[in-house]
Each structure stands twice: as structure tokens, then as C-alpha cells.
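The values are calculated or read from the model by the stated rules, or taken from the named source; none is laboratory data. Source: prediction; values computed, not measured. Note: ideal-geometry Cβ built from the backbone for every residue, glycine included; neighbour counts use all protein chains shown. Surface areas here come from the heavy atoms of the whole protein model, side chains and all, with no ligands, DNA or RNA. Shrake-Rupley method; radii C 1.70, N 1.55, O 1.52, S 1.80 Å.
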Amino acid sequence: MSETTRISAPWEPERYELASAPVYRFDLVRRDFFKFLGAGVLVFSVLKQGAWSQESGRARARRGDSLPGEIDAWLHIRENGKVRVYTGKVEVGQNVRTSLSQGVAEELRLPVEQIDLVMGDTQLTPFDMGTFGSRTTPTMNLQLRKVAASARDLLIDLAAARWQTDRRHLVAVDGKVMDPITKGSLEYADLVKGQRLAQRIPAEDPLTPAASWTVMGQSLPKLNGIDFVTGKHRYPSDQKLQDMWHGKILRPPAFGATLLSLDSRKAEQMGATVVRDGNFVGVAAPSSGLSAAAIASIHAEWKSEPQPSSKELFDYLKKNTGDGTDLSGDGDRYDVGNVDEAFASSGPRVQRTYTVSYIAHVPLEPRAALAKWDGDNLTVWTGTQRPFGVRDELAEAFRMPEDRVRVLMPDTGSAYGGKHTGETAIEAARLARAARRPVKVVWTREEEFMWAYFRPAGVIDVVGGVRSDGTITAWEFHNYNSGSAGIRTYYEIPNQRIVFHPARSPLRQGSYRALAATANHFARESYMDELASALKMDPLEFRMKNLRNERLRAVFQAAADKFDWGKQKAEPGRGFGMGGGYEKLGNIATFAEVNVDRKAKAVKVVRIVSAFECGAIVNPGDLRNQVEGSNVQGMGGALFEAIQFENGRILNGRMSQYRVPRFSDLPVIETVLLDRKDLPSAGAGECPMIGLAPAIANAIFDATGDRLRSLPLVPDGLKLT
């Protein structure tokens, strides 16, 4: 594949981390690897990293969303009556362990407590592309429901055969098959003893309609929540094995730096195992303190080249666009009607530019991996959203068959799209092989800031044409670098030109919660407010006039009603705004109230109201948590989060320097959930975030008369003209 050609893949184009070259280049001089693989066998091959290759990971042939069709690949009923269910999806705090179990319990007709869900184990679970893109609810929940319904049908067939009766008389309830006529019953465990549920899952199997749900649709608490609050749960960074050592990696002082010389004698004298392999340098030692001291004792000389800085970022992105075609997501370009003719016949063209900075994921748990070799087999415990993707990376790195690599994903302390790649697993595995014992690598917070990838920065130019009655007649929208997710407008506009321009990013960039939909909705919804203001129209009325999508209209109206839009009393420094849209099959409208203290140059978000609709609701309490959590996290990128960098170095890579939302920042948050039992259930991990930034920006304009067009809005306090 050409380094400047994008691949066709079943994910959005701005998931750059899934299509870029590996970080490490292992040389062929390590004796322990020759012993492991045989003389003359390469440990790792790497494509030259080009301008488009921003993150670790490689573009490889993928299996997409194909799913096994056999029941026994997904579900086993054990002799104690417990049901073990297998899925390659993972738990990173979004509580899908509970919602997926609810789906199985609903269709299999048994208490949810009897379900043991095995997640993210590449040896035990069916292949899964990854836990991202709000795919779990619309795909995996549906799949496991089909599996459970098929198993229920088979259990009824087994009971009918044993009783020699018509299956139509039998019902499944509470983990049993019952005959209402004879009052007889058989436990599931009795029915399956000595048998395998080996039939295939029917392509079409009637599922319980949402209106009849008894388990789904309920706010069940987190199934293993007690383990988390008591400390019983072991996150990836908590994993331990006997004789385990701790690893540390020598990091360059800047991105792209070349290692010129290395003196590791002091580290070796400390008793640490030192590994230098190509551009990889690391140590392993019996304790984390000793490994940290050993890595600090290494003297290295590096050569680095001048690189762009955050001060020139947006000019750089517009000047460094490149060729390339996005074959997924919302695409590179969308044209309808005749934009030029429409602009020629409309009023004055108003062009506006919006910018979005790089931001970091800042997961509660930094990257961590524990690796163990057992002869020719490798087992890794790590926090990742893509266990099978990490397995592929490990197999490729060490030139071994995939079936000799097992990746396990203990429920992890958040990810937000930032844990798609396997560099930590590769680091731990490389050190474990050299040390001949298990090795755990846990990134520091500073490493997480510096060496993880970032949400892409971007520049967005918007031009619109509108009649005096508020009808939008033309729309031109150009996004540079941040991505095409959510780039198309949902407003009814007859003439459109929408273009995504890939650019050569100066920093590693990739997936972040909601992808570029946050940037594109910020620009679009801010510009909609600018048009409404120019026309002296109410922002809600203006949106509704140009909006035909019934689901979006419903969430805007529901949020407006809850917010009491138009009924608030105008006061100095008090402002109200809105934003909303559609993404990942979900619909969101968010309204915000702010207080502005001009003297202190401070903005305080006082109240947030969000109305959200994603079809039939699986777990209302969990869904509310998702919406509120999105708003809390989204406040950081909206108000103050931004990565500062210069010459390949991150300048604010500490929690003391990088501002994230604090408890004192939190407003009153109110959530309205629209339960559409007539529609399939969709995910909620990403869409709820996209309406917040424009709502806050528009509220600041309402309070001050000043329009802020850059995210974050107030990184250093409010600066008014």
C-alpha cells in the first residue's frame, strides 16, 4: 500500500491509528530471539514511516464485523445452571458488561445474575474488530440476543423431545422450560447435560419486542460494581504473576529523534536486564523502583530535527494538505445542487473559520501490559479496546502465528478511543523475552501524555447563503485534518459543497470519543447561531425552519422544553445557547447556561440540559450516565484542554499543566431520555458529546456579544474584544 493512500476499511477514516506503521523497529542481533525463533529469522519487519503514518499499528486485512454462526461459539450452559457467554467486546467503564448480560437474560429467560460474561480474551471469544464507534449495542447486543433466543428455542426442543409433547405448549421462564398444562419443569442445566448446543443461529429469529421487555429497559446496577468499589477488581496495571519483573522504556527527548549512542553500563551493574533492539531501548528489573533507577542511569545521545509548534499549527495544517481518499465514514467530498449559482443569487457571503486544538485522552488508567512467555507461546494482559488487533501486532512483531498469542483484557480504567494500539504490550513482551520471566510495563502519566496519540486538530471554513426569511439556500464546508465524521449537515439545504482535506499532522493523532464529529458539529452549530443572529431570528426557530429530520426535531424540542428556552430572564453576564446533531445512530440536543465575569475574565457553566434519543433504551440508568459523562468530559475540550508543543516536545504533559474538568467546574446537568421502542437500540458512547461545545460557545456569545470560534474557548481565561 502506498504510504499516502488510505485504505478501504470498516471504520471511520480519522481512526489513523489503525492504518499506520509500527513504532518499533527490532534489529536482528538479539541472541535470545534467535534461540526462540531459530537462526536467521527476523523478529520484526517494519514499513518506513511516512507523512501519513501517525501512530503505531498497521493496516492489515481485517475480518470486519463477520460473526460466527454457531451457538456454542458464543454461549455455554453449565451444569450448575450458570450461563457463560463469550464476546470479543471489552469493558472500559461504559458498563456494557451489564447491558449485554441484560440482552442475554431477556431472550434466554433467566435471571441476569446467572450469566457470566467472558470479554476480550482472544483465546476464548469470537473475533471482534474492536470496542469503538458505539458498535456494541447495535451489533453485539443484537448478536447475543439472537444467540440466546436460538439457545432458548433449542432448549424448548430438547424438553419437548424428552416429554414427547408439542413444543408449542412449552414456555421458557426463570432458567427452566415449563409445561403449563402438566405443571412439569426442567432446569436448563438438566436439559443440556452431556450435549452441545451445536446448531447454527438462524438468520432470522424473532426477538422479544421492546414493548415486551422485562429485563432490558430496566436500570440494573453494574453487575460487578461491588468489586470495583471494594478494590477486589484488578485492572491491567494491578496484574501480578510470580517472579514478575517491572519494565521501563527509554524515551527519546522529541518525536522522531534518532539514537546516536548509548551507555547502559550503570543499569547493567544494578542488576537490570537491558535491551537495545533497533529503536527500542528498555530495562527490566525486580522492582519498579529499580527499573526506574536503571533507565535513569542510561546515558543516551539523540539527534532531532526542527518541527512545527502549536503556535503555528492552524496555518501549518492548511498549508500541508495532501492527496488521499477516505473510503469510509462520511467521505472526502459531498456535492449536491449548484453551490456557486446559489451563492451568486443570495445575499452577501459570510465566511467564518473555526479551529480545534489537539487534546489528550487522559484516561484514568494509563497504558499497562503484563507479558509472559511459555516456550513458544505468549500471553499478554493489557488494557486495550482491540484485543484481537493487539494480538495481530504481537504476532507480527515477533514473527509468530496468531494462535500462539493470547491477549486478555481485564476490565480497564477508561480509554475514550485512545487504547487501540499495542505498543505497551509489545514493550512488555520484548522485555519479558529478554529477562526470561514475566514483565509488566505501566506507563507514567507523562508517558501517556507524550507517547499516546491525540485527538486531531483541525481548521474548518464555513460559508452559507440564506434568504431573509431564514431559509438556507447554500452551504460550503471545508474541514482540514480533523476528520470527516459528522461532516455532512442534517439541515435541509438544496446546494451543498462539503470537503474533507487530509493534512500532514505534526503530532500522532487518532481516535477520540466522537472522532471529528465534535469539531464538525462545533463549527456547524456555531455558524447556525451566527446566521440566526445576523437575521435576528431565535436560534431554535431558525434551526427548526431548516430541519426536517423528525428525530432531531424531537430532541431539540424536548431539550428546549426542559430548559425553558425563551423564558429565561436576561441579566448582565448571563447567556444561553444550544447545539445538537446526529452521530452513530444517536440524536442529541444540548442547551447551556453560562455566567460570564468580565472583570475576572472567567466563564462558569451553570446549567446543562441534554435530550438524547438512540432508539429503544436498554438500560436507562446507564444511558443517563453516558450522557452526563460525555458532557463532563466534553467540558474540558470545550473550555480549556489543548496540547502545547514545540520541536517535537509536549510542553504541558503533566496533570499540573494540562487542565481537565474538576468538581468545581461542574454545572447542574439534566438529562432527558427519549425512549423509542419502535426503533432498534443504538449506542451512546460518542454522540452525546457533540452538542456541548457549540452550546457553550453560543451561550458565551449571548452573554457577551463576542463570538469565540476556537476550541478550547477559554484556555487562559476569557478574552473579549
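Taking the range 237-296 as the range and being assigned to a loop (DSSP other than H, G, I, E, B) and touching an Asp or Glu at 6+ places or on another chain (Cβ under 6 Å) as the test, only 278 passes.
Is one or more of the residues making up the range 564-579 basic (Lys, Arg), touching a residue at least 12 places away in the same chain (Cβ under 8 Å), outside any strand (DSSP E or B) and out of contact with any Phe, Trp or Tyr (no Cβ under 8 Å at 6 or more places or on another chain)? Within the range 564-579, none of the residues are basic (Lys, Arg), touching a residue at least 12 places away in the same chain (Cβ under 8 Å), outside any strand (DSSP E or B) and out of contact with any Phe, Trp or Tyr (no Cβ under 8 Å at 6 or more places or on another chain). In the range 490-504, of all residues being farther than 18 Å from residue 459 by Cβ and part of a loop (DSSP other than H, G, I, E, B), the one that is most open to solvent (accessible area, probe 1.4 Å) corresponds to 492. Screening the candidates 160, 211, 172 for the property of being at pLDDT 95 or above and open to solvent by 40 Å² or more (accessible area, probe 1.4 Å) yields one hit, 211.
If you filter the range 611-652 down to residues that are open to solvent by less than 30 Å² (accessible area, probe 1.4 Å) and of a type in the set (Val, Ile, Thr), you find that the one that is farthest from the chain's Cα centre (by Cα) is 650.
The residues listed here are 570, 611, 554; of these, the one that is modelled with pLDDT under 95 and of a type in the set (A, V, I, L, M, F, W, C) is 570. Which of the residues belonging to the range 466-512 are among the aliphatic types (A, V, I, L, M) and closer than 22 Å to residue 420 by Cβ? Scanning the range 466-512 gives 485, 487, 503, 507.
Scan the range 266-292 for residues that are without any contact (Cβ under 8 Å) to a residue 24 or more places away in the chain and in contact with a strand residue (DSSP E or B) (Cβ under 9 Å, 6 or more places away or on another chain) and jot them down. Don't jump to the end; show me each part of the working.
Residues of the range 266-292 without any contact (Cβ under 8 Å) to a residue 24 or more places away in the chain: 268-269, 271-272, 276, 289.
Correct list: 268, 271, 272, 276, 289.
When 353, 424, 384 are checked against the criterion of being of a type in the set (Val, Ile, Thr) and open to solvent by 10 Å² or more (accessible area, probe 1.4 Å), a single residue qualifies: 353.
Listed by position, the strands (runs of 3 or more DSSP E) enclosed by the range 44-155 that each have at least 1 residues that are open to solvent by 20 Å² or more (accessible area, probe 1.4 Å), at pLDDT 95 or above and not hydroxyl-bearing (Ser, Thr, Tyr) are 115-119. If you go through the range 224-236 and keep only what is assigned to a loop (DSSP other than H, G, I, E, B) and either surrounded by fewer than 13 Cβ atoms within 10 Å (Cβ to Cβ) or modelled with pLDDT under 95 (or both), you end up with 224, 231, 232. Among the residues of the range 369-381, those that are crowded, with 24+ Cβ neighbours inside 10 Å and small (Gly, Ala, Ser) comprise 369, 371. The set of residues from the range 577-602 being over 23 Å from residue 514 (Cα atoms) and in contact with a helix residue (DSSP H, G or I) (Cβ under 6 Å, 6 or more places away or on another chain) comprises 594, 596.
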